[in-house]
Each structure stands twice: as structure tokens, then as C-alpha cells.
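For reference, the structure discussed in these notes is given below.
Read-outs: derived from the displayed coordinates by stated rules, not from any lab. This one's a predicted model, so the numbers in the text were calculated from it and none came from an experiment. As a convention, Cβ positions derive from the backbone with ideal geometry for all residues, glycine included, and neighbour counts pool all protein chains shown.
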Amino acid sequence: AIPVWLDCDPGHDDATAILLAGHTPGLKLLGVSTIGGNQTLAKVTKNALDVLDAVGLSHIDVVAGQPRPLMRKPMLCPEIHGDSGLDGPAGGRLLPRSCRQPLPGKAVNVMFEAIAAAHAELLKEHQAATAGGECGGGGGGGEAGCPRVRLVCTGALTNAALLLTLYPEASEWVEVVLMGGAMGVGNTGPVMEFNIQTDPEAAKIVFESGVPLTMVPLEVTHTVLATPQVLADIGAGGSDTATTTNTTATTSNSNSASSTLRDAASTAALAAAGGGAAAVAAALAASAASPFRHAIQELLLFFADTYKHVFKFDDPPLHDPVAVAYVIAPQLFEVRRMRVDIETISPLSAGQTVCDVWGQSPLPPNADVALAVDVPAFWRLLLEAVARADAV
Ligand code: BDR
Ligand code: CA
């Protein structure tokens, strides 16, 4: 299994990234670190524990990272994720409180130890598989062909920047896969995406570190929409329901989707999504879906509501698990290698990921940028993970 460390700020879509990372057999989730972003560090750290417990991953530890960006004031995002950072459609926190505590110590140190150990293990396996073959050069394991731990970042890059600064050797051991940035239009600024805009200086450090890096930008995540069909599939349960076939549309159509819905109560919940929290709660309560599947539906319904309100999206994009999906199945993505620089100076666009799509920069390429994803295949991965979590 591929060892993965997840650095996140849950956050509704971060919660689904945790679920996907922890319930995909090809991945080994080493641990979760948090970063102030969607809400304060204290809130997102509690949320990470709540999510792990709720999805049957209580054996995974959480460690708190940085409460604020390297050089700037924190930016929070209550308009999308609510006051708790993980609100439900009925108001207040979505999930029951975990009684676990985060690990003591700083995330950067815990991440380093876990990544170092997992990389040593990877190297041993690699050498056994290649009959003692070295990874070339100094044997650090960072050379081409040697396996790397995946550091998946679905929040601001502050923890990742500290890791690569304090422990430069880690850049030989990890490959960073991040949800963030945009080639064009942003979401919290005209050309700025939230995670990168929150800590542009940290992003600059990570993008200029030389670490192998894949960026999954808004252009891709905005195609991964939690449509009524997706919500119905989540509620319906059973492996035969993971048949979502038409989730690529950039706008949803509840009427056409409803003809294929299998769970009438889910349909009612979806229809009520625009009709206020009480209607949604009532419709969900009447659904035949398991309580766990209800919780995932509620999570997506809250997200749907805030995305409708703030961005006028018909259906919400589920950003963060798309980065996890890249680790699971990179073949589902169209990717282009290019130079990406982070704007840190302009008052108009600090936090912009300046993507050199046509190779005009004199600087060498430093990132693989996802251009597209097979959306139905992504939802199948997520539905399979939901089914596994539901069976715990
Ligand atoms: C990113 O911002 C956060 O609000 C989401 O969790 C996601 O990581 C999308 O821009
Ligand atoms: Ca996030």
C-alpha cells in the first residue's frame, strides 16, 4: 500500500478526503495533521478527530499544525464550512464529539518521524523487490524510480513548508499532492484559490523546494460536483449503487437525475435541499439510508447550501478528495508538467498560482498540474470508500 500523510483543515471536503484516504485498500494512511484554514486550528483539529471516529478510523492519530500562516493573518472560511468548520444542515456541528485528543507536540516533528519511518520501510521493500538494488546516487532514496511517501495537502501549505525547511531531507522522501491553486479564475480572490491565498509564502517555499509536486487546481475540482445523483447513490448503499454515470455535467439537473434515483427518501431529501434545514432534516430522517450514509449526505447538503449561497453553484464541488484520488489512481487524470510560481507581492493577486501553461517561463518546470479527471471514476472510488466505512 502507498503510505500517505494527510495535512488538512476539515472542512466538509477535507472530511471526505480523510474518508477516502482511510478507506482505500491501496493506501496506508499514516496520520493526519491539521492546519488553521477553513476554521481555527483548534476547531479543525477537533473536527479531524470527530471525522476519523465517525468514519471508523479511530486508530489514526491527529496532530495539530500551525495556527496561522507564516507571515500573514489567518483567513477563515465560515461562509462555506460554518462556525464549527463542519456544520450540518440542521445548524451546529454535524458530528458527535470525539473523546480523543490530538498527539502532543508539533505537527512538523510528528510528520517528519512518521514519514521517515514509512520511507525507510518503502526503501526496504524496494530493495527486496529489486534484489538489493540501490536507488542510485547517495542512496537517500530520492532518485527516480524509488518509491516515495505521499504528502497530501488539502489546506494551506504552512506545515508542508516548515517540514521541507526544517527537514530538507524529507524532500527526498515525499511527493506532495495538493488541492489548491487555479490556472485561471480563483474562488476567494479573482485569481486566488483559498488554500494558496491563505499562505502564499508557504506555497512559494513548497513550489520552489524541488520536491516532486502535483497540483490539483480549481479547474479540475470544479468538475467534481456532488450532484443529486451522487447524493442518491451515497444514500442508497450497496455496491450495486456505485453506478453513477453522468456526474460530469457542470450544471446539475434534479429532474433528469431523479428518474434514476433508487432511494425515494434520498430524492425527497435532495428536493428539500433548497427548502430549509427543517425540511432537509425531515427528509433525511425518512430515508432508508444508514445513519452513516445520512451523515455523509448531510455533510454534502450543507456544502451544497453554502456553495449555492456564496457562489451560485447548483451543486457543490468536492475539492479535497480529488487530490487523494490522484494518489490512488493517477491514470484517471490528465496532467501537464509546467512551471508554477506563486505571487506573493501584488496586493491584487498575492496567492495566485501563476501557471506557465505554454512553457514561456525561463524557469524550469516544477509541478505536474492536473487538467482533467475522469469524474464518474472518481465517484466510484468515493462510493466504494463510503461502503467500506459503512461496513465498519
Ligand atoms: C479549498 O478551500 C477549502 O475551503 C476547501 O476545504 C478546499 O481545500 C478549495 O478552495
Ligand atoms: Ca481543505
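Pairing each residue of the range 371-392 that is closer than 16 Å to THR227 by Cα with any residue that is in a helix (DSSP H, G or I) and charged (D, E, K, R), provided the two are 6+ apart or on different chains, yields C-beta distances under 6 Å for LEU383/ASP233. Considering only the range 29-46, I want to know if a residue exists there that is free of Cβ contacts under 8 Å to residues at least 40 places away in the same chain and in a strand (DSSP E or B). Yes, the conditions are met somewhere in the range 29-46.
Sort out which residues of the range 50-76 are within 17 Å of LEU162 (Cβ to Cβ) and surrounded by fewer than 21 Cβ atoms within 10 Å (Cβ to Cβ), and write them in order of number. Correct list: PRO67, ARG68, LEU70, MET71, ARG72, PRO74.
Within the range 160-188, the only residue that satisfies the criterion of being within 22 Å of LEU318 (Cβ to Cβ) and in a helix (DSSP H, G or I) is ALA160. Being away from ligand 2 (no atom under 16 Å from the Cβ) and more than 18 Å from the chain's Cα centre (by Cα) holds for only one residue in ALA42, ALA54, and it is ALA42.
Summed over the range 85-101, residues that are buried (at least 21 other Cβ atoms within 10 Å of the Cβ) and either on the phi > 0 side of the Ramachandran plot or within 14 Å of ligand 1 (Cβ to nearest atom) (or both) total 3.
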